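Only one structure is covered here, and it is reproduced in the block below.
The values are calculated or read from the model by the stated rules, or taken from the named source; none is laboratory data. The structure displayed is predicted, hence computed values, not measured ones. Here the Cβ is made from the backbone with ideal geometry for all residues, glycine too, and neighbour counts use every protein chain on show. Side chains are part of the model used for accessible areas, which takes the heavy atoms of the whole protein and leaves out ligands, DNA and RNA. Shrake-Rupley method; radii C 1.70, N 1.55, O 1.52, S 1.80 Å.
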Amino acid sequence: MAFTTVRPTRIDIAIANEIAARTNPDLEQTAAALTWGADEHVLLPLAAAGWLYARLLPRDERRAADHILAVSLAAAVLPHILKSAFDQVRPDRLIVRGHRHGIPFSGLPRDAFPSGHAVHMGALASAAGLLPPARRRLVRSIAAALSLTRVALLAHWASDVVAGFALGVLVERTLRPWTLEGAARKPGAPRGRS
């Protein structure tokens, strides 16, 4: 049983109603396929494979892989803990007309807050701050787009995705001093990019 109930805002409801009225099965199938790019069942094995591969690389790359794996694990666990504390009905359970336009049912009915996919994408977008500018912008654009698929599928309210994304940023920035910067920084060396 959850400690508290989270209610959608008027803006959340308006966005969900617009999506339900204007979507179609092709858009929903595309969003459903794309959303797998932000799913923990895909991201955790990729992070683990990257971590294993990085054992063959120089020390800085190993540290970066350690960081990505730690962030991925934390971003996978945190939403499950929060979903047990917060109760919120998913929009796909309340916006019935959307199912006629191809919107599927997602996850457990009362697990809308926060979006776990968005937590992963927020963490990835934050970690992208360590990349050169062009790659950083690309990663952040992809992360934002994949997060928005959760709104398009009515799996989450827009505020669930915004909160999840912000939590992901917080997770990555909280872990960075222990997994990356503290170990990699030499005296007088600059800190990582933002």
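Data table
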| item | result |
| --- | --- |
| Candidate set: the stretch 110-123, residues that are assigned to a loop (DSSP other than H, G, I, E, B) and open to solvent by 30 Å² or more (accessible area, probe 1.4 Å); chosen: the one nearest to ILE81 (Cα to Cα) | PHE113 |
| Residue match in the stretch 70-82 (condition: in contact (Cβ under 8 Å) with a residue 24 or more places away in the chain, farther than 22 Å from GLU172 by Cα and not polar (S, T, N, Q)) | no |
| Residues that are open to solvent by 80 Å² or more (accessible area, probe 1.4 Å) and either under 16 Å from the mean Cα position of the chain (by Cα) or at pLDDT 80 or above (or both), drawn from the stretch 78-109 | HIS80, ILE81 |
| Members of the stretch 44-77 found to be within 18 Å of the chain's Cα centre (by Cα), over 14 Å from LEU167 (Cβ atoms) and of a type in the set (A, V, I, L, M), listed by number | LEU44, LEU46, ALA47, ALA48, ILE68, LEU69, ALA70, LEU73 |
| Tabulated pairs, the stretch 111-136, first touching a residue at least 24 places away in the same chain (Cβ under 8 Å), second in a strand (DSSP E or B), C-beta under 7 angstrom, 6+ apart or interchain | ALA112/GLN88; PHE113/PHE86; PHE113/GLN88 |
| Whichever residue in the stretch 3-53 is among the basic types (Lys, Arg) and assigned to a helix (DSSP H, G or I) and, among such residues, is most open to solvent (accessible area, probe 1.4 Å) | ARG10 |
| Check on THR174, part of a helix (DSSP H, G or I) and closer than 29 Å to ALA14 by Cβ | no |
| Single match in SER141, SER126, SER147, SER159 (criterion: over 21 Å from LEU82 (Cα atoms) and hydroxyl-bearing (Ser, Thr, Tyr)) | SER141 |
